[in-house]
């Protein structure tokens, strides 16, 4: 009975270890996560640049009428 229990424990331990991701899967997931982070940063920078451009245009449009010379 002790031998069967010991074999069962060893078998379950081997099964538990074999179910985890291997090194290639871990590296692929790390790369995918890095790409997601880089894409998120790029989107945030794009939005910030768009807002800055819109603010510049709005500022220029509000200043233009005040600087026009009346004819």
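Of the residues 32, 60, which single one is in a helix (DSSP H, G or I) and modelled with pLDDT under 70?
On the way: 32 fails: modelled with pLDDT under 70.
Checking each option against the conditions leaves just 60.
Consider segment 12-28. How many of its residues are surrounded by 10 or more Cβ atoms within 10 Å (Cβ to Cβ), in a helix (DSSP H, G or I) and within 26 Å of the chain's Cα centre (by Cα)? Working first, answer last.
Just the residues of segment 12-28 that are surrounded by 10 or more Cβ atoms within 10 Å (Cβ to Cβ), to begin with: 12-14, 21, 25-28.
Those still in the list that are in a helix (DSSP H, G or I) too: 12-14, 25-28.
Among the residues that remain, those that are also within 26 Å of the chain's Cα centre (by Cα) are: 25-28.
Here the count works out to 4.
The values are calculated or read from the model by the stated rules, or taken from the named source; none is laboratory data. Since the structure is predicted, the reported quantities are computational estimates derived from the model, not experimental observations. No Cβ is skipped: glycine too gets one built from the backbone with ideal geometry, and neighbour counts run over all protein chains shown.
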